[in-house]
């Protein structure tokens, strides 16, 4: 037994416990056992270390091999050495050995190194690990250890997220605990565990209470709580169809329209399908479609689009029948309404017309004919169309009054009568004569205006003349 301020320096090994039957208790040596290659060397024997200063040795403070059994601090009070000389429970070591003065670099000199399969117990000892230093880096082999400092910890700060699925994972080791914002103010954490409990007052609103339990040294395990609040206050993301323009279904006063509306919730919690999703029947006119999507947290998003249903044109003014004198101009007009652009096509007796000659406006709302003649007398009709269909107007009839000629006697002599015909220029007239107003004989045909000399016969009593328009 080596007790009470024994100081050994400058040698290869200050304390040796060699052999299966060898044993030693090294107790209360506050004066340094330092400057040696090894402070305490145990090979196959048993040793109990308590309250010693084992600093700054060249190879190790404690070196164990050949299944040596060492109690350098045992919180459980198992007294694994059987020596029973310690101040802990059942005579086990109470620890409090100073293993400082060794680099935290995973190479010799080590605070403790063990090449045996039997773990060294080294609870409640002094290692003086600074910020960012890990006691594991001082140790080699199977060693159960803890720091002598009292454990003091605080949980990571409270967190607020949008979705329950976004709650961060719990820390599984001290590094993750600290990275999450947790604090180990003193002591060394040997183990860490956590459990989550979830409470909610309504869908989309959750409170996660995360309880961390950290243990280290011989202290009772400490618990600390972190609150994680998940509040889904954002409505679903909506994508509405664009505005739609569509013709009515054939023969129907409505259109069957197919469209696509998309909705997604960042928390993946839509309360059923959004309405309407797609396809519907819409009457003629502009129909505004309002789409609503709601998530389980009762957040709603609204979007809208217009469905313009176009029917065939509606004729509001029919072309009217008319009567024109030959040689004058005639026109027919139609008026129609439509939400879509209109096209016009005029027809004569069912035959499509085209601009040219005396015709203009054959593809417009007004058809114009110049210098009408009897051949232009017919039924006129227009087809008014848009992309939804064609509406035909009522038929309008054009009546043409034949041109009236004027017959005058310019002069009479014993040998001839000079006649003059006037009328619309270019129209053909014939001069006829009769002696009894019943039987008429044609004399001459020409285009107005013209004159015609007719022999004057004294053998005939009365002679009558008249002018007649000819096609």
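Of all residues in region 214-225, none satisfies being crowded, with 18+ Cβ neighbours inside 10 Å, in contact (Cβ under 8 Å) with a residue 60 or more places away in the chain and over 30 Å from residue 138 (Cβ atoms). All of (1) in a strand (DSSP E or B); (2) outside the structural domain of residue 57 (by TED's automatic domain parsing); (3) touching a helix residue (DSSP H, G or I) at 6+ places or on another chain (Cβ under 6 Å) hold for residue 197 with one exception: (3). Specify the residue that is nearest to residue 235 (Cα to Cα); the eligible residues are those in region 135-152 that are crowded, with 17+ Cβ neighbours inside 10 Å and modelled with pLDDT under 90. So, considering only residues that are crowded, with 17+ Cβ neighbours inside 10 Å and modelled with pLDDT under 90, the one nearest to residue 235 (Cα to Cα) is 151.
Inside region 153-173, can you point out the residues that are free of Cβ contacts under 8 Å to residues at least 60 places away in the same chain and either part of a helix (DSSP H, G or I) or surrounded by fewer than 15 Cβ atoms within 10 Å (Cβ to Cβ) (or both)? Working first, answer last.
The initial filter retains those residues of region 153-173 that are free of Cβ contacts under 8 Å to residues at least 60 places away in the same chain, namely 169-173.
Within region 153-173, 169, 172, 173 qualify.
Go through region 175-194 residue by residue and tally those that are assigned to a strand (DSSP E or B) and either assigned by TED's automatic domain parsing to the domain that holds residue 132 or exposed (fewer than 15 other Cβ atoms within 10 Å of the Cβ) (or both). I'd like the intermediate steps shown before the answer.
Pass one, region 175-194, residues assigned to a strand (DSSP E or B): 183-186, 191-194.
Of the ones still in play, those that are also either assigned by TED's automatic domain parsing to the domain that holds residue 132 or exposed (fewer than 15 other Cβ atoms within 10 Å of the Cβ) (or both) are 183, 185-186, 191, 193.
Residues that pass the stated criteria total 5.
Please go through region 335-355 and pick out each residue that is crowded, with 17+ Cβ neighbours inside 10 Å, under 53 Å from the mean Cα position of the chain (by Cα) and not in a strand (DSSP E or B).
If we filter region 335-355 for residues that are crowded, with 17+ Cβ neighbours inside 10 Å, which is where we start, we get 336, 338, 344-348, 353.
Checking the rest, the ones that are also under 53 Å from the mean Cα position of the chain (by Cα) come to 336, 338, 344-346.
Matches in region 335-355: 338 only.
Looking for whichever is surrounded by 13 or more Cβ atoms within 10 Å (Cβ to Cβ) and closer than 30 Å to residue 338 by Cβ here; the options are 427, 380, 444. Which one fits? That would be 380, the only listed residue that is surrounded by 13 or more Cβ atoms within 10 Å (Cβ to Cβ) and closer than 30 Å to residue 338 by Cβ.
Need a quick list: strands (runs of 3 or more DSSP E) entirely within region 49-125 having at least 3 residues that are modelled with pLDDT under 95. Can you show your working first?
Numbers: elements: 60-65, 69-71, 110-114, 120-125.
Here the list reads 120-125.
Across region 76-91, not a single residue is classified as crowded, with 16+ Cβ neighbours inside 10 Å and farther than 20 Å from residue 52 by Cα.
Checking each residue in region 274-287 for being in a loop (DSSP other than H, G, I, E, B), surrounded by 15 or more Cβ atoms within 10 Å (Cβ to Cβ) and at pLDDT below 90 picks out only 274.
Selection of region 186-203 for residues being touching a strand residue (DSSP E or B) at 6+ places or on another chain (Cβ under 7 Å) and either touching a residue at least 40 places away in the same chain (Cβ under 8 Å) or within 23 Å of residue 267 (Cβ to Cβ) (or both) yields 187, 188, 190, 196, 197, 198, 199, 200. Checking the conditions here, which among 331, 385, 360 is over 30 Å from residue 469 (Cα atoms) and either in contact (Cβ under 8 Å) with a residue 60 or more places away in the chain or over 48 Å from the mean Cα position of the chain (by Cα) (or both)? Within the list 331, 385, 360, the selection yields 385. Scanning region 288-301 for residues that are surrounded by fewer than 17 Cβ atoms within 10 Å (Cβ to Cβ) and either closer than 14 Å to residue 243 by Cα or at pLDDT 90 or above (or both) yields 288, 290.
Looking at residue 63, is it crowded, with 22+ Cβ neighbours inside 10 Å and under 22 Å from residue 149 (Cα atoms)? Outline the logic, then answer.
On the way: crowded, with 22+ Cβ neighbours inside 10 Å: yes; under 22 Å from residue 149 (Cα atoms): no.
Taking the combined requirement at face value, the residue does not satisfy it.
The values are calculated or read from the model by the stated rules, or taken from the named source; none is laboratory data. What you see is a predicted model; the values in this text were computed from it and never measured. With ideal geometry, Cβ positions are generated from the backbone for all residues, glycine too; neighbour counts draw on all protein chains shown.
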